[in-house]
C-alpha cells in the first residue's frame, strides 16, 4: 500500500509507517507534522499565541483568516499575490472542519518517540514542502528526509503549506514519477 498525507495527514502517515511497517510500500509526505518537534520560529510562535486567543474567544472567522495567512500565504509572501481560489478553498476547509482544525491534541499519546523512530522507516519516501511554508515546517521536512533512509526531499516553488493545491501540476507529476520508480 502506498500512503500519502499532507500536514497532520503526513504526521499520521509517519506514525502509521512506524507502527505498521509491513503494510506500506511507499510513503509520500507533504509538509508533514511531527509529534515531539518543538517549534522554534519566533514569528510562528507569535502567530500561534494570537491564534490561541482567537480560538479561545470563539472568533471563528478571524481564526479561519489567520490560518489561511499561515498555511496558504506563509510568512514570506503577500496575500494579494496568492490565488484567491486557493485561499477560499482552504478557508472553507477550515470552517467546515473547525473543531478538528482547532483541537491541537485530539489523539492519544503514541507510546514511542516518533523522531527517534524515523530511522525505522525503510520504504521509499518522498518528502515535499513548499518553498514559502513556515521555517519550522521546512525544518521538520528536512529532519524527516535526513532520518528516513533514502528519503528524497523536494522543494515545491511558489507554494506554502499546501503545494498539492498551489502547484498541482508539478506536485502530481512528482508523485506519479515517484510511485512509478522501481
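A short reminder: the numbers here are calculations on the coordinates, not readings from a lab. Keep in mind it's a predicted model, so treat the numbers as computed, not measured. Positions of Cβ are backbone-derived with ideal geometry, glycine not excepted, and every protein chain shown enters the neighbour counts.
A few comments on the model shown:
- Matching helices (runs of 4 or more DSSP H) fully within the range 57-173 where at least 3 residues are more than 23 Å from residue 2 (Cβ to Cβ), touching a helix residue (DSSP H, G or I) at 6+ places or on another chain (Cβ under 9 Å) and without any contact (Cβ under 8 Å) to a residue 60 or more places away in the chain: 60-68, 84-96, 98-102
- Within the range 58-68, no residue satisfies the criterion of being surrounded by fewer than 18 Cβ atoms within 10 Å (Cβ to Cβ) and within 14 Å of residue 134 (Cα to Cα).
- Every residue from the range 20-56 that is surrounded by fewer than 15 Cβ atoms within 10 Å (Cβ to Cβ) and within 30 Å of residue 180 (Cβ to Cβ): 20, 21, 22, 23, 25
The rows are residues; the columns are (1) closer than 29 Å to residue 147 by Cβ; (2) part of a loop (DSSP other than H, G, I, E, B).
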position: 22; (1), (2): yes, no
position: 34; (1), (2): yes, yes
position: 37; (1), (2): yes, yes
position: 52; (1), (2): no, no
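- Test: residue in the range 127-149 that is under 19 Å from residue 67 (Cα atoms) and surrounded by fewer than 16 Cβ atoms within 10 Å (Cβ to Cβ): no
- From the options 17, 4, residue that is touching a residue at least 60 places away in the same chain (Cβ under 8 Å), assigned to a strand (DSSP E or B) and closer than 25 Å to residue 177 by Cβ: 4
- Within the range 125-154, tally of residues that are touching a strand residue (DSSP E or B) at 6+ places or on another chain (Cβ under 6 Å) and over 17 Å from residue 14 (Cβ atoms): 2
- Output for the range 4-40, where each listed residue is in contact with a strand residue (DSSP E or B) (Cβ under 7 Å, 6 or more places away or on another chain) and farther than 26 Å from residue 74 by Cα: 16, 17, 24, 25, 26
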